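Novice: My questions all concern the structure below.
Laboratory data are not the source of any read-out in this text; all were calculated from the coordinates shown. Being a predicted model, the structure only gives us computed values, none of them experimental. Here the Cβ positions follow ideal geometry from the backbone for every residue, glycine too, while neighbour counts run over all protein chains shown.
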Amino acid sequence: MSDATTSQVMALGAAVESVPRSGWHAATVGAVHRETPNASRLELDVEGWPGNAAGQHLDVRLTAPDGYSATRSYSIASSGASTRVVLAVDKLPDGEVSPYLVDDVRAGDMLEVHGPLGAFFVWAPAAETGDDRPVQLIAGGSGVVPLFAMAQAHADADDPTPFRLLYSVRTPDDVYFSEELRGLSDASAPLRLDLVYTRRTPDGWPTPAGRITREALEAAVIPAADRPRVYVCGSTGFVERVADWLVGFGHDPRSVRTERYGGM
Amino acid sequence: MEHVDGNAIAGPLAEFFAFDVTTATGRCTGCGSIAELARAMVYRSGAGTVVRCATCDTVLATFVESGDRAWIGLSGMSAIEVRRAPSTG
């Protein structure tokens with residue numbers, strides 16, 4: 001196939017799915033550090049990675065010496081053309097994959113990854129999509145990972161779209177990307193950050209710890225009248241509660257995109 | 001194990017389709033509602049995966065992966081719409 005034909009085919013593929021083609025890749029752990037007491041941040045160097053859109057995920061497959069394998073999905077905290085891919089993984093107490101990724105994996109270890117995956121729960125700058133409606137991000141716990149990727153992409157693109165993140169988290173120690181999120185609030189394309197603490201607040205916090213209420217949610221999100229695009233990611237219970245409330249506030253269900261990661 | 005949603009099956013479905021099928025819209029044979037596959041409810045277990053309509057709970061699709069084979073059934077979808085690239089003439 002000539003170079004011209006290859007680039008035509010690639011351009012066609014991009015137009016159809018607007019995200020890079022997925023495939024299995026060998027990844028080397030480039031760096032790993034503690035993100036929170038219960039989570040690690042992994043930077044993977046992925047051979048042949050075609051880049052990814054903000055909000056996409058990948059599947060990690062671990063294979064035991066006896067051939068038993070387990071595959072789990074993880075959201076990607078980074079976006080763009082880089083072959084260095086950042087994950088932040090929460091340890092599930094009875095997990096088959098996450099305890100290894102959080103506690104045992106070391107720089108230089110190899111993993112099998114499949115991706116980039118998912119073209120639904122993604123955000124791209126208004127300059128690419130032509131959609132400049134304001135964006136409301138709503139995260140429960142580790143559901144912040146793909147939303148952080150979107151907020152970072154928004155700042156990197158100096159995108160003028162108003163961006164707001166509501167982040168529900170157990171305690172101040174459990175906040176992922178806390179330094180980066182502070183930095184994004186000061187960026188030239190700023191992110192408005194609202195935190196809700198469900199178990200313990202910082203000293204002097206104006207509201208007691210507890211799950212977000214319907215009234216608090218309504219007060220902390222871009223109003224339905226402004227027709228925002230809304231992305232909600234978290235546990236299944238969190239996402240379904242929040243999405244139902246949003247529709248009750250008058251948000252168009254088609255403008256509310258959700259990603260559920262299951263129990264907990 | 002609580003259910004997840006159609007985003008989670010982008011990886012397994014990449015074995016069956018050459019594009020990201022989670023953004024394709026399907027029409028439910030149960031209630032007629034039309035939605036992206038990413039919006040469907042997904043129940044995964046060791047036995048396989050069941051995809052249900054988020055509106056009426058009808059089984060839209062089932063798939064099973066086993067060793068060197070993968071099997072998919074699309075019993076609950078009467079139509080699938082995929083966005084195509086604009087014609088360049």
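Novice: Quick one: which residues, 5+ away or cross-chain, put their amide H under 5 Å from the amide H of A:I222? H built at 1.01 Å from N.
Specialist: none
Novice: Still on this structure, please answer the following. Would you mind checking which residues have amide H under 5 Å from B:T29's amide H? H placed 1.01 Å from N; only 5 or more apart, or other chain.
Specialist: B:M77, B:S78
Novice: Rg and Dmax of region A:89-141, using alpha carbons, in Å: what are they?
Specialist: Expressed in Å, the Cα Rg and Dmax of region A:89-141 come to 16.9, 44.
Novice: So for region A:19-117, what percent of the C-alpha to C-alpha distances run longer than 22 Å? Could the numbers behind the result be given before it?
Specialist: Numbers: 1050 of 4851 pairs.
Result: 22 percent of Cα pairs exceed 22 Å.
Novice: By DSSP, what percent of the beta bridges with both residues in the protein assembly as shown are antiparallel, rounded to the nearest 5? Each step should come with its number before you reach the end.
Specialist: Numbers: 58 of 81 bridges.
Taking every DSSP beta bridge within the protein assembly as shown, about 70 percent pair in antiparallel fashion.
Novice: How large is ³J(HN,Hα) for each residue in region A:200-209, as worked out from phi by the Karplus curve 6.51 cos²θ - 1.76 cosθ + 1.60 (θ = phi - 60°), to whole Hz, x for Gly and Pro?
Specialist: For region A:200-209, the Karplus-derived couplings read 8, 9, x, 4, x, 5, x, 10, x, 5 Hz, x marking Gly and Pro.
Novice: Going by the alpha-carbon gyration tensor, a ≥ b ≥ c the square roots of its eigenvalues, is chain A rounded (a/c under 1.5) or, if a/c is not under 1.5, prolate (a/b greater than b/c) versus oblate?
Specialist: On the way: a/c = 1.83, a/b = 1.19, b/c = 1.53.
Oblate is the answer for chain A, as a/c is 1.5 or above yet b/c matches or exceeds a/b.
Novice: Can you compute the equivalent ellipsoid semi-axes for region A:73-212, i.e. the square root of 5 times each eigenvalue of the Cα gyration tensor, sorted largest first and rounded to whole Å?
Specialist: Details: eigenvalues 123, 112, 32 Å².
Gyration-tensor ellipsoid for region A:73-212: 25, 24, 13 Å.
Novice: Same structure, new question: Once Lys and Arg get +1 and Asp and Glu get -1 on their Cβ, which of A:L62, A:A26, A:P146 lies farthest toward the positive end of the dipole of the protein assembly as shown?
Specialist: Checking the options against the dipole of the protein assembly as shown, the answer is A:P146.
Novice: Ordered by residue, what ³J(HN,Hα) values in Hz, to whole numbers, does region A:177-185 give under the Karplus form 6.51 cos²θ - 1.76 cosθ + 1.60, where θ = phi - 60° and Gly and Pro are x?
Specialist: Going residue by residue, I get 6, 5, 5, 5, 5, 4, x, 5, 5 Hz, with x marking Gly and Pro.
Novice: Order of A:W123, A:W245, A:W24, A:W49 from fewest to most other C-beta atoms within 10 Å? Kindly include the intermediate steps, with their values, before the conclusion.
Specialist: Details: A:W123 26, A:W245 17, A:W24 13, A:W49 21.
Going from sparsest to densest Cβ surroundings: A:W24, A:W245, A:W49, A:W123.
Novice: A further question on this structure: Based on the Cα gyration tensor of chain B, what are the three equivalent ellipsoid semi-axes, each the root of five times an eigenvalue, rounded to whole Å and given largest first? Can you show the working numbers first?
Specialist: Working: eigenvalues 93, 61, 25 Å².
Each semi-axis is the square root of five times an eigenvalue, giving 22, 17, 11 Å.
Novice: Report, in deg cm²/dmol and to the nearest 500, the calculated mean residue ellipticity at 222 nm for chain B, where each DSSP H run with n ≥ 4 adds -39500 (n - 2.57) and the sum is divided by the residue count.
Specialist: -500 deg cm²/dmol
Novice: Can you give the net charge of the other residues whose Cβ lies under 13 Å from the Cβ of A:V113, counting K and R as +1 and D and E as -1?
Specialist: -3
Novice: Would you please give the residues with an amide H less than 5 Å from that of A:D194, counting only those at least 5 places away or on a separate chain, with H modeled from the backbone geometry?
Specialist: Hits under the 5 Å cutoff: A:L165, A:L166, A:Y167.
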